[in-house]
1. With every protein chain present, what is the per residue accessible area of segment 71-222 (1.4 Å probe, Å²)?
2. How long, wide and thick is segment 71-222, going by the Cα atoms along their three principal axes, in whole angstroms, largest first?
3. Which whole-number percentage describes the relative contact order of segment 71-222, with Cα contacts under 8 Å and a sequence gap of 6 or more?
4. What do you get for trypsin sites (Lys or Arg not before Pro) in segment 70-110 restricted to DSSP loop and a cutoff of at most 11 other Cβ within 10 Å of the site's Cβ?
5. Which whole-number percent of Cα pairs in segment 75-131 have a distance greater than 17 Å?
6. Could you give each residue of segment 171-184 its phi-based ³J(HN,Hα) in whole Hz, using Karplus coefficients 6.51, -1.76, 1.60 with θ = phi - 60°, and x for Gly or Pro?
7. Order of 112-124, 197-209 by packing, highest average Cβ count within 10 Å first?
8. Of all accessible surface on segment 71-222 at a 1.4 Å probe, what whole percent is carbon and sulfur?
Amino acid sequence: MRTFIVDDDSYGIRLTDTSDGRNTASMLINRMYAWRGYSGDHQPSSDPNRITLTATDKGDVVGTLSIGIDSEVGLMADEIFKEELDAHRQRGAKLCEFTKFAFDPSVRSKTALANVFHLAVIYARDIHGCTDIVIEVNPRHRRFYERMLGFRKEGELKINPRVDAPAYLLRVNLVFVTEQIAHFGGSYAAEGETEERSFYPYFFSPREERGIINRLLRMDESHPA
């Protein structure tokens, strides 16, 4: 099934947990990655520690993001950034990684993009108790994540063999993310233009966030592992 999370007229965001849903997300990922010049075949995983969100517009998948929760088998980023990740594990952090992010460039909505990120934050923080998000990014995308979401560089530039391209490891603490959401979330929708230049004004408002968290917790209770 594809579990409904957000449904706003023709636009929606769903938790994808079937092979058909993952295949649809994979088609978008591979198309966007090939357009950027990345190699490989990228398929969202059926691993229970990996969650895939898809954004749809009039029924068509236009965006996807996967969340990997740290476990005994580790994270995909361990392949090249294990030393950096272990340093945070040793201080007691529970890590998660955002991977396989792709959004159709024809979709210009900052709100749609921010909604997917916000839902991923909720899954990581409120459903799985994570403390930090890490992400592997190409150098040309680094400034976007730093400026718009507050990520910071961890370690040095390395080659990511999964896409045969250079990558930085970026990290953001979820305490910081939570503070930004509390301060700026929903302010764009409420007030129109905002002086804040990050993506956080396009996130859900704190009140909307609480409603989504409660709904997801109820869903989690009704579908125990």
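The values are calculated or read from the model by the stated rules, or taken from the named source; none is laboratory data. Note that the coordinates shown come from a computational prediction; the quantities given were computed from them, not determined experimentally. Note that we place each Cβ from the backbone using ideal geometry, even for glycine, and neighbour counts take in every protein chain shown. The protein model used for the area step is the full one, side chains on, heavy atoms only, and it has no ligands, DNA or RNA in it. Shrake-Rupley method; radii C 1.70, N 1.55, O 1.52, S 1.80 Å.
1. Value returned for segment 71-222: 49 Å² of accessible area per residue.
2. Per principal axis, max minus min of the Cα coordinates gives 42, 37, 27 Å.
3. Reported as a whole number, the value is 22 percent.
4. ARG91, ARG108
5. Numbers: 827 of 1596 pairs.
Looking at segment 75-131, the distances longer than 17 Å represent 52 percent of pairs.
6. 9, 9, 7, 6, 5, 4, 4, 4, 4, 5, 5, 4, 7, 10
7. 112-124, 197-209
8. Carbon and sulfur together cover 49 percent of it.
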